[in-house]
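In what follows, a structure is listed as structure tokens, so that the remarks can point back to it.
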Amino acid sequence: MPPIVHGFDWPDRLVVGTVGLPGERTFYLQAQTGARLVSVALEKEQAAALSERVEEVLDALMGEEGNPFSVPALTPEGLVDNAPLAQPVEEQFRAGALSLGWDPTTAQLVIDAFPIPVIDPDELEGLEPDDEIEIEPDEVLRVRIPVGLARAFAKRTREVVGAGRPICPLCRQPMDGDDHVCELPDGFR
């Protein structure tokens, strides 16, 4: 059965935001067009990697001779979005994988979020370790955004990811207040 596609072409809004306090935040990728709203939970690391990759793709496109897709170097002023997540935040699914593509025919980035696959253990019986299995997702969030909105999305996502707990400069782990104790590798005392 083909997956349900929650598709957003030219959405009114695409943002990453959080619910909860630093250290206990849940990250969401949220797409909205009019009253239609889809929220997908994701890990902080997934959000950070997505924003980094969006920036890389935009910078590569901007570097093409003559910047044929009019990719902005900075976030266009009118596209800055610092508003909180739209309510209600109802998790459609938790993202297991994200993909990023480019559609030159519409000059849009294409972001796909796939749920964490659910595997029935009975289906694994009799398989050898080298056997491959195909897992079809039940649903996917597919969002197509123009380059200006993509630049704004990446900037906001970096800011949201960076707004959490500070990172210890020694062990590179999040610090929970003044009682942080580093667990450094041997030789770093």
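Structure values in brief
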{"read-out": "Selection status of THR75, outside any strand (DSSP E or B) and either aromatic (Phe, Trp, Tyr) or free of Cβ contacts under 8 Å to residues at least 60 places away in the same chain (or both)", "value": "no"}
{"read-out": "Verdict on VAL71 being more than 22 Å from GLU139 (Cα to Cα), surrounded by 18 or more Cβ atoms within 10 Å (Cβ to Cβ), modelled with pLDDT of 95 or more and aliphatic (A, V, I, L, M)", "value": "no"}
{"read-out": "Long-range neighbours under 6 Å by Cβ, at least six apart or interchain, first residue on the phi < 0 side of the Ramachandran plot within region 50-64, second surrounded by fewer than 16 Cβ atoms within 10 Å (Cβ to Cβ) and at pLDDT 95 or above", "value": "ARG53/LEU100"}
{"read-out": "Unmet criterion (only one of (1) within 29 Å of THR18 (Cα to Cα); (2) in contact with a helix residue (DSSP H, G or I) (Cβ under 8 Å, 6 or more places away or on another chain)) for ILE133", "value": "(1)"}
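Conditions (1) in a loop (DSSP other than H, G, I, E, B); (2) surrounded by 10 or more Cβ atoms within 10 Å (Cβ to Cβ), marked per residue:
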| site | (1), (2) |
| --- | --- |
| VAL89 | yes, yes |
| ARG94 | no, yes |
| ALA97 | no, yes |
| LEU100 | no, yes |
| VAL110 | no, yes |
| PRO117 | yes, yes |
| ASP122 | no, no |
| GLY126 | yes, no |
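The values are calculated or read from the model by the stated rules, or taken from the named source; none is laboratory data. Not measured: the values here are computed from a predicted model. Here Cβ is always computed from backbone atoms with ideal geometry, including for glycine, and neighbour counts include all displayed protein chains.
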